[in-house]
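Only one structure is covered here, and it is reproduced in the block below.
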Amino acid sequence: MVAGLRQRCPQVEVVLRTFDSGRVHSLLEATREAAVVVVGAHGHPHRIGPRPGPVTTALLHHSSCPVAIV
């Protein structure tokens, strides 16, 4: 998936990293050096429209860079 996006948008730098700590902690650490973090929202069957999950919510409140929810 990332390879296809890199071909379509070669001017956008994408950095892939692997972390050993939990999801929230790892993503928050990565936001210290990022220009923007892009995350997805969950669709819940009993709600209208997508809603942020716990990881996205933590990023919204504690990120060191802008957060885009798609």
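The values are calculated or read from the model by the stated rules, or taken from the named source; none is laboratory data. Computed from a prediction, not measured in an experiment: that's the story for all the values here. Don't worry about glycine lacking a Cβ; one is built from the backbone with ideal geometry, like all the others, and counts go over all protein chains shown. Only protein heavy atoms, including side chains, enter the accessible area calculation; ligands, DNA and RNA are left aside. Shrake-Rupley method; radii C 1.70, N 1.55, O 1.52, S 1.80 Å.
Key figures for this structure:
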quantity	calculated
The stretch 59-70, residues that are touching a Pro at 6+ places or on another chain (Cβ under 7 Å) and either assigned to a loop (DSSP other than H, G, I, E, B) or open to solvent by 80 Å² or more (accessible area, probe 1.4 Å) (or both)	60
Long-range neighbours under 8 Å by Cβ, at least six apart or interchain, first residue in contact (Cβ under 8 Å) with a residue 40 or more places away in the chain within the stretch 56-68, second open to solvent by 80 Å² or more (accessible area, probe 1.4 Å) and part of a helix (DSSP H, G or I)	none
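Let's see how each residue does on (1) open to solvent by 90 Å² or more (accessible area, probe 1.4 Å); (2) modelled with pLDDT of 85 or more; (3) not in a loop (DSSP other than H, G, I, E, B):
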{"residue": "3", "(1), (2), (3)": "no, no, yes"}
{"residue": "12", "(1), (2), (3)": "no, no, no"}
{"residue": "17", "(1), (2), (3)": "yes, no, no"}
{"residue": "21", "(1), (2), (3)": "no, no, no"}
{"residue": "24", "(1), (2), (3)": "no, yes, yes"}
{"residue": "29", "(1), (2), (3)": "no, yes, yes"}
{"residue": "33", "(1), (2), (3)": "yes, yes, no"}
{"residue": "47", "(1), (2), (3)": "yes, no, no"}
{"residue": "57", "(1), (2), (3)": "no, yes, yes"}
